[in-house]
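Have a look at the structure below before the remarks.
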Amino acid sequence: MQKQQEKHTKQLKKCRVLGPVATKFTGGNTGSWRLERPVVNFDACIKCGTCAMYCPTDVIEIDKNAKECVKIDYYYCKGCGICAKECPKKCISIVPERSEE
Ligand code: SF4
Ligand code: SF4
């Protein structure tokens, strides 16, 4: 599993060189036009880091020592939903931006 994750990480790093939305290129609030956002159910999260590996903008950090271990930088998150799709526990919900959690 670890080798597979490392392989994915290497592949993603290569892709980020080419992707126009792949990294934090500017200091501007590039998440400001987001219509939906990911919300994590921390009770179901197993801290595997898969969401962070797949996030195309690299805005997820995993802190395995914290209960709320998945930290999403909403300043840059685009609300694409890839993290929710890839989460093996399906514990990330995509909710409308202006709704209550
Ligand atoms: S929705 Fe998830 S995968 Fe997409 S940019 Fe935001 S944190 Fe990353
Ligand atoms: S992919 Fe899902 S289970 Fe894994 S760390 Fe992210 S939110 Fe938690």
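Taken together, the values in this text are just the output of simple stated rules run on the coordinates, not laboratory data. Computed from a predicted model, the values in this text were never measured in an experiment. Cβ: placed from backbone, ideal geometry, glycine included. Neighbour counts: every protein chain shown.
Could you list, in sequence order, the residues of the range 66-90 that are hydrophobic (A, V, I, L, M, F, W, C) and assigned to a helix (DSSP H, G or I)? Within the range 66-90, I82, C83, A84 qualify. Filtering the range 70-84 to residues that are of a type in the set (K, R) and more than 8 Å from ligand 1 (Cβ to nearest atom) leaves only K71. Taking I60 as meeting all but one of (1) in contact (Cβ under 8 Å) with a residue 40 or more places away in the chain; (2) under 23 Å from K3 (Cβ atoms); (3) surrounded by 14 or more Cβ atoms within 10 Å (Cβ to Cβ), write down the number of the exception. Unmet for I60, out of (1) in contact (Cβ under 8 Å) with a residue 40 or more places away in the chain; (2) under 23 Å from K3 (Cβ atoms); (3) surrounded by 14 or more Cβ atoms within 10 Å (Cβ to Cβ): (1). Entry remark, the range 58-80: residues being of a type in the set (S, T, Y) and out of contact with any strand residue (DSSP E or B) (no Cβ under 7 Å at 6 or more places or on another chain) number 2 in total.
Sub-6 Å Cβ pairs linking a first residue in the range 39-55 that is touching a residue at least 12 places away in the same chain (Cβ under 8 Å) to a second residue that is in a loop (DSSP other than H, G, I, E, B) and within 13 Å of ligand 1 (Cβ to nearest atom), at least 6 apart or interchain, are N41/C91; A44/C91; C45/C91; C51/C87, ordered by first then second residue.
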